[in-house]
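One structure below.
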Amino acid sequence: MDCKVFYHDKCFDGACSASVFTRFYQECVKTGTEFSYHGLVHRAGALFDENEFIDGENAIVDFKYSASQKVTWWFDHHLSAFLTPEDQADFERGQADGSQTMRKFYDPNYVSCTSLIAHVGATKFGFNVEPLQELIYWADIVDGAKYDNATAAVDMAAPAMKLTMVIESTQDNTLGEKLIPLLTEMPLQELLDQPFVQELLGPLMERHKAAIELIRERASIERGVITFDITDHPTEGYNKFIPYYLFPEGTYNVGLSKSSFRTKVSVGTNPWTPLHAEKLANLAAICERYGGGGHARVGAISFPPDREDDARKAAGEIVAELRERENAG
Ligand SMILES: [Mn+2]
């Protein structure tokens, strides 16, 4: 039976989840003949195109639930896994009546979806996850941002870090189908050494080093808040830990950047801050006031490219609010 795997695109855990699901399916379900992959991204409006689902197995991993009748497998660990209450009710119905208990799995306690699939596979289907330990270890580190310090997150020493950068930043839409099957076939260093990966990595490493230097030049810190504006150097993204690598003592960072399709205010909390969670600002709530969103510790607001002034004004207000908070705290 053909099997199409829908996964969280531009995400290390998403790619690892697709690979572990494939291997699990081949070893434990054994009815798959042809596997194909389709990356999904978060966006406004409908997340799934019903026409993309095939007549066969459709698996969604590390991404939101779909109530489509065509979806036959689902694994997710995100807190916001259901777009609507109807989706959640549909999932709960399938669990309550037993029809989906061995097909659809949701557990937000898992740091990575990769580790969720591995655990479910091992405990419920006898899946041998022993050869996958390196992959599971790194999916947890990367998706949980569990780096020892900002240097480990920025200096890119480990093969998994370099692969993450390639997965998150490449514009090559064919990377997923080439990379995903290999993630569970070879050690990460060997995968990194593949010519199709090296080709993409070289320019990205250069860009990463240039981003560190640019942010070093622009960033400053005052009352625990790091700020920088790199809108004059359009970029499709930068490593979000660079501000804390430059200023380990910072609690928050507010960055203004620009890409081809938006001006972005990025707001983050230093994952290595000694402050306790209850003392930290809820950045999702702050970003939502400006039409953005995110998680408690990291959020963002996107403005159309021609509304740079509004973005700069929002960034300024957020910086002032966070500094005020640091003063009060
Ligand atoms: Mn994930």
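Listed here are the residues, each with its yes/no results for (1) within 30 Å of Gln171 (Cβ to Cβ); (2) touching a strand residue (DSSP E or B) at 6+ places or on another chain (Cβ under 9 Å); (3) free of Cβ contacts under 8 Å to residues at least 12 places away in the same chain; (4) open to solvent by 30 Å² or more (accessible area, probe 1.4 Å).
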residue	(1), (2), (3), (4)
Gly224	no, yes, no, no
Ile230	yes, yes, no, no
Lys258	yes, yes, no, yes
Ala311	yes, yes, no, no
Residues of segment 3-22 that turn out to be in a helix (DSSP H, G or I) and more than 20 Å from Pro131 (Cβ to Cβ), as a count | 1
Going by the conditions given, is Glu86 more than 16 Å from the ligand (Cβ to nearest atom), in contact (Cβ under 8 Å) with a residue 40 or more places away in the chain and not aliphatic (A, V, I, L, M)?
-> no
Just give me the residues in segment 1-18 being within 13 Å of the ligand (Cβ to nearest atom) and open to solvent by less than 10 Å² (accessible area, probe 1.4 Å), in sequence order.
-> Phe12, Asp13, Gly14, Ala15, Cys16, Ser17, Ala18
Single unsatisfied condition, Val120 versus (1) buried (at least 19 other Cβ atoms within 10 Å of the Cβ); (2) within 16 Å of the ligand (Cβ to nearest atom); (3) of a type in the set (A, V, I, L, M) | (1)
Which one of these does Thr269 not meet: (1) in contact with a Ser or Thr (Cβ under 8 Å, 6 or more places away or on another chain); (2) at pLDDT 90 or above; (3) open to solvent by 30 Å² or more (accessible area, probe 1.4 Å)?
-> (3)
Restrict the check to segment 276-293 and report whether at least one residue is at positive phi, in contact (Cβ under 8 Å) with a residue 40 or more places away in the chain and not in a strand (DSSP E or B).
-> no
Which one is farthest from the ligand (Cβ to nearest atom), of the residues in segment 26-79 that are aromatic (Phe, Trp, Tyr) and either not in a loop (DSSP other than H, G, I, E, B) or not assigned by TED's automatic domain parsing to the domain that holds Thr101 (or both)?
-> Phe35
Pick from segment 132-147, criterion more than 13 Å from the ligand (Cβ to nearest atom) and free of Cβ contacts under 8 Å to residues at least 24 places away in the same chain, ranking: surrounded by the most Cβ atoms within 10 Å (Cβ to Cβ) | Tyr137
List pairs: first in segment 194-209 and within 12 Å of Leu175 (Cα to Cα) and modelled with pLDDT of 95 or more, second of a type outside the set (Phe, Trp, Tyr) and not in a helix (DSSP H, G or I), Cβ under 7 Å, 6+ apart or cross-chain?
-> Leu200/Thr170; Leu200/Asp172
If we scan segment 260-271, do we find a residue that is basic (Lys, Arg) and part of a strand (DSSP E or B)?
-> yes
Filtering segment 294-309 down to residues that are of a type in the set (A, V, I, L, M, F, W, C) and touching a residue at least 40 places away in the same chain (Cβ under 8 Å), which residue is surrounded by the most Cβ atoms within 10 Å (Cβ to Cβ)?
-> Phe303
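The values are calculated or read from the model by the stated rules, or taken from the named source; none is laboratory data. None of the values given here were measured: they were computed from a predicted structure. Cβ sites come from the backbone with ideal geometry, for glycine too, and all protein chains shown count toward neighbours. To get the accessible areas, we keep the full protein, side chains included, count just its heavy atoms, and leave off ligands, DNA and RNA. Shrake-Rupley method; radii C 1.70, N 1.55, O 1.52, S 1.80 Å.
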